[in-house]
1. Scan the stretch 92-109 and tell me whether some residue there is surrounded by fewer than 21 Cβ atoms within 10 Å (Cβ to Cβ), modelled with pLDDT of 95 or more, in contact with a helix residue (DSSP H, G or I) (Cβ under 7 Å, 6 or more places away or on another chain) and at negative phi.
2. I need the full set of residues from the stretch 22-39 which are modelled with pLDDT of 95 or more and either acidic (Asp, Glu) or over 23 Å from Leu95 (Cβ atoms) (or both), in order please.
3. Output the number of residues of the stretch 34-70 satisfying the condition of being over 20 Å from Lys123 (Cβ atoms), under 10 Å from the mean Cα position of the chain (by Cα) and surrounded by fewer than 20 Cβ atoms within 10 Å (Cβ to Cβ).
4. Look at Ala63 and say whether it is modelled with pLDDT of 95 or more, under 22 Å from Gln4 (Cα atoms) and not charged (D, E, K, R).
5. Mind listing whichever residues of the stretch 7-28 are in contact (Cβ under 8 Å) with a residue 60 or more places away in the chain, within 19 Å of Lys112 (Cβ to Cβ) and surrounded by 17 or more Cβ atoms within 10 Å (Cβ to Cβ)?
Amino acid sequence: MYSQKVIDHFMNPRNKGKLKDYDAVGKVGNPVCGDVMYIYIKVKDNRIEDIGWETMGCAAAIATSSMITELAKGKTLEEAEKITKKDIADALDGLPPIKMHCSNLAADGLKKAIENYKNGVKK
């Protein structure tokens, strides 16, 4: 059902946890499945210098949280805003159709964090 990359990111999540000194956070959720995701960013010189996450959800939600951090870290805010749900799913070698909403959350969470950063909203 899940690719080896999804399983790897679920079992060995990258960049997990709330950053101690973050600049903004994006909180998103899916009321249907109950998944909730927080994406924390630290920005320096218009780049995502550090990124972390906290997710309450299924294996796919954990894996997409982990993968979005790998895709976004080091990118400019403009580059990071362009990361799509398809980019996340492709980087994980695909997700089952019923789990694609998880990649929507990860992409939306990052976009929300960037939006909050640009608007000066830390929480």
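1. No: zero hits.
2. Tyr22, Asp23, Ala24, Val25 - these are the residues of the stretch 22-39 that are modelled with pLDDT of 95 or more and either acidic (Asp, Glu) or over 23 Å from Leu95 (Cβ atoms) (or both).
3. 1
4. Here the answer is yes, as Ala63 does meet what is asked.
5. Scanning the stretch 7-28 gives Tyr22, Asp23, Ala24, Val25, Gly26, Val28.
The values are calculated or read from the model by the stated rules, or taken from the named source; none is laboratory data. These numbers come from a predicted model, not from an experiment. Positions of Cβ are backbone-derived with ideal geometry, glycine not excepted, and every protein chain shown enters the neighbour counts.
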